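Heads up: the structure comes next, in C-alpha cells.
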Ligand SMILES: [Zn+2]
C-alpha cells in the first residue's frame with residue numbers, strides 16, 4: 001500500500017546554528033515542504049536582517065525547503081520593530097517565558113512588557129507563538145499555570161492570532177477549544193504518542209525528555225481526540241530539537257526530542273493504526289497553512305506501508321524511537 005500527499009508543513013522546528021545546521025535542515029527537507037524555524041539561537045533572531053541571513057543559510061543547505069523563521073520577542077521589543085518585521089514578510093513572533101527551555105534566558109517575565117509589540121502583531125495579522133509554560137510552577141502543571149496569561153492576552157487583543165505551541169495537557173487543549181478568538185495549537189509526535197510512563201516508567205529515556213514534558217494518559221487522550229475529530233485548530237509542529245547524543249546521554253541532559261528523521265513515518269503509522277488516514281492530510285498540509293494564511297506547498301511525498309527501523313543515530317543525534325519499528329516509511333519526495 002502506498003500513499004501520496006502534498007509535501008507537508010512542520011510549524012515548529014529548531015534548526016540550530018553552526019556546522020550541524022545544514023544536516024538538520026536537510027533532515028526536514030527529506031519529508032517536508034515548509035518549516036517554521038524557532039528563534040532561540042545565540043544571539044536570538046530579532047531583526048529582519050538576522051532572520052534573512054539565517055534563512056539564507058537554510059536555503060543553501062536545502063534549496064527546496066521553504067524555511068520560515070519566527071522572530072523572538074524580547075522584553076524591550078516595541079511596536080515599531082514589529083511593524084518592520086511584518087513589512088519584511090515575517091509571519092510569526094515567539095514568546096518565551098524567561099528561562100523556560102533551551103536558550104530562553106532573557107525571556108519575558110510579564111506579557112505587559114510587550115504590549116505595544118502585541119498590538120502591532122495583532123494589527124499586522126502576525127501569529128504569536130507561545131511557549132506556554134509558567135517556569136515557577138511544578139513541572140506537570142506548568143502549561144496549566146500559564147493559561148491565565150493566554151486568557152489575559154486574548155482579553156487585551158481579541159483579534160490576535162495565537163498558537164499554544166507543543167500543547168501537552170488536557171487543560172491546554174481546553175483553553176484553545178474555549179477561546180473565542182483566532183487561536184490554535186501545534187501538536188508534536190511525542191505528545192501525541194507518549195506519556196510520562198514512556199519517559200520514566202521503565203529506565204529513563206533521555207531522548208523523550210522535552211519541555212513541556214509528556215504527561216498523563218488523560219492529557220494524551222485529549223490531544224488525540226482533537227486530531228481524530230479533525231479539529232482545524234490542531235495541526236502539526238514537531239518541535240524537533242536536536243541535541244547531540246553525548247549531551248542527551250549525560251548527567252545534564254538538555255530538553256528536546258529529535259524527531260525530524262522519524263516524525264512523518266511515525267505519524268502515518270499512528271493514523272493508519274487508529275484507522276484515521278483520512279485525517280492525516282488536513283493535519284499535516286491544510287490546517288496550519290490556513291491559520292497562517294499561506295498557500296499550499298508544491299510537490300508531493302510518497303509513503304509506503306513497509307516496515308522500517310528508526311536509525312540509532314541521525315545527524316549525530318539519537319532520534320526519538322531509535323531502534324523501533326514503524327509500519328510506514330518515506331519512499332520519495334519531489335519538489336515539483
Ligand atoms: Zn520548540
(message) Based on the alpha-carbon set only, what is the convex hull volume of the stretch 62-115 divided per residue, in Å³?
(response) 87 Å³
(request) Pop out the Kirkwood hydrodynamic radius of the stretch 199-336 from its pairwise C-alpha distances, inverse of mean 1/r, in Å to one decimal. (result) 16.5 Å
(request) Can you give me the P(r) profile for the stretch 285-336? Cα pairs, bins 10 angstrom wide beginning at 0, each as a whole percent. (result) 21, 30, 35, 13
(message) Ranking request for peptides 318-325, 55-62: highest mean number of other beta-carbon atoms within 10 Å first, then the rest in descending order.
(response) 318-325, 55-62
(message) Can you compute the radius of gyration and Dmax for the stretch 1-78, using only the Cα atoms, both in Å?
(response) 13.6, 53
(message) Give me the extension gain from residue 88 to residue 253: residue separation times 0.36 nm, minus the current Cα-Cα distance, reported in nm with one decimal.
(response) 55.7 nm
(request) Could you grab the Rg to Rh ratio for the stretch 115-245? Cα atoms only, Kirkwood for Rh. (result) 0.99
(request) For the stretch 204-336, calculate the relative contact order in percent as a whole number, restricting contacts to Cα pairs under 8 Å that are 6 or more residues apart. (result) 27 percent
(message) Using only DSSP helix segments of four residues or longer, with each worth -39500 (n - 2.57), what per-residue ellipticity at 222 nm results for the chain after dividing by its residue count and rounding to 500?
(response) -9000 deg cm²/dmol
(message) Rounded to whole Å, give me the distance from the Cα center of the stretch 99-163 to that of the stretch 242-314.
(response) 26 Å
(message) Using only Cα atoms and rounding to the nearest 10 degrees, what angle (0 to 90) does helix 217-228 make with the longest principal axis of the chain?
(response) 90 degrees
(request) Mind checking the full-extension length gain between residue 47 and residue 276? Use 0.36 nm per residue of separation minus the Cα-Cα distance, one decimal, nm. (result) 78.3 nm
(request) Give the span of the stretch 1-159's Cα atoms along each principal axis, as three whole-Å numbers ordered largest to smallest. (result) 45, 37, 31
(request) Name the shape class, rounded, prolate or oblate, that the alpha-carbon gyration tensor gives for the chain, where a ≥ b ≥ c are the square roots of its eigenvalues, rounded holds for a/c under 1.5, and otherwise prolate holds if a/b is larger than b/c and oblate otherwise. (result) rounded
(message) Restricting to Cα pairs below 8 Å that are 6+ residues apart, what does the relative contact order work out to for the chain? Please round to a whole percent.
(response) 19 percent
(request) Report, for the chain, the % of DSSP beta bridges that are antiparallel, rounded to 5. (result) 35 percent
(message) Rounded, prolate or oblate for the stretch 214-253? Axes are the square roots of the Cα gyration tensor eigenvalues, ordered a ≥ b ≥ c, and the cut-off for rounded is a/c under 1.5.
(response) oblate
(message) Taking R0 as 51 Å, what FRET efficiency do you get between residue 308 and residue 116 from their Cβ-Cβ distance, rounded to the nearest 0.05?
(response) 0.55
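Rule-based calculations on the coordinates, nothing more; no lab input. As the structure is a computational prediction, the values presented were derived from the model and not from experiment. Every residue, glycine as well, gets a Cβ built from its backbone with ideal geometry; the counts of neighbours run over all protein chains shown.
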